[in-house]
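The values are calculated or read from the model by the stated rules, or taken from the named source; none is laboratory data. Predicted model only: the values in this text are computed from it and were never measured. Ideal geometry is used to build each Cβ from the backbone, glycine not excepted, and the neighbour counts take in all protein chains shown. The protein model used for the area step is the full one, side chains on, heavy atoms only, and it has no ligands, DNA or RNA in it. Shrake-Rupley method; radii C 1.70, N 1.55, O 1.52, S 1.80 Å.
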Amino acid sequence: MCNVLIDTIENAKNKTVSVDFDEIIDGIDCVTPVQAHLQLQSLGEFIEVKGNVKTIVKLQCDRCLENFDYKLDFDIDEMFAKNALLEDYGQEYELKDGQFVTDLNGAESIDIYDLLYQSVIINLPNQKVCGINCKGKDFPTEENISDPRLDVFKNIQIQPKNK
Ligand SMILES: [Zn+2]
């Protein structure tokens, strides 16, 4: 059950629903299931989703091309607008620093699975490096690069000028 109905949140005590999620998410190379503890609270026109997400994913190192496990542990704080109030702003706009509002466009539920998928993708590092000791692959150094166009220089002999 990955969808939480807006009605369920509205009718809950303190208009707050807790969701525990513990599943492998398709499209993410999970080593361990994505574990999330979320609170969904209705603030009237908005639903705020807050909580913590943990998982370990398999990434490929940009330098040595080996696979390595990468631990993710981050907080999310997302706002959803219940109605299409935000037409003028497009699909999402920034409410306060770094907090974006997603327009539900009248949808009756929030898709937790999709929210977590997006959150994990956003929180992956731009530079994937397996560790501080990564030596990288043995890419040829400049000296080893053999460019036939440069061979000509090897054969140049500099003749001392005759006096
Ligand atoms: Zn590496």
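Here are some notes:
- Positive contributions from Lys and Arg (+1) and negative ones from Asp and Glu (-1), summed over other residues with Cβ under 15 Å from the Cβ of Cys30, come out at -3.
- FRET efficiency estimate (nearest 0.05) - Cβ-Cβ, Lys135 to Glu23, R0 30 angstrom: 0.25
- Carbon and sulfur %, accessible surface of segment 3-135 computed with the full protein complex present, 1.4 Å: 44 percent
- With a cut-off of 15 Å between beta carbons, the residues surrounding Gln39 carry a summed charge of -3, where Lys and Arg count +1 and Asp and Glu -1.
- Placing dummy labels 7 Å off each Cα toward the beta-carbon, the span from Lys128 to Phe74 is 1.5 nm.
- FRET efficiency for the Asp7 to Thr32 pair, using the beta carbon distance and R₀ = 35 Å, is estimated at 0.60.
- Subset of Lys13/Lys54; Lys54/Lys82; Lys54/Lys128; Lys50/Lys82; Lys58/Lys135; Lys15/Lys71 violating a 23 Å alpha-carbon distance limit: Lys13/Lys54; Lys54/Lys82; Lys15/Lys71
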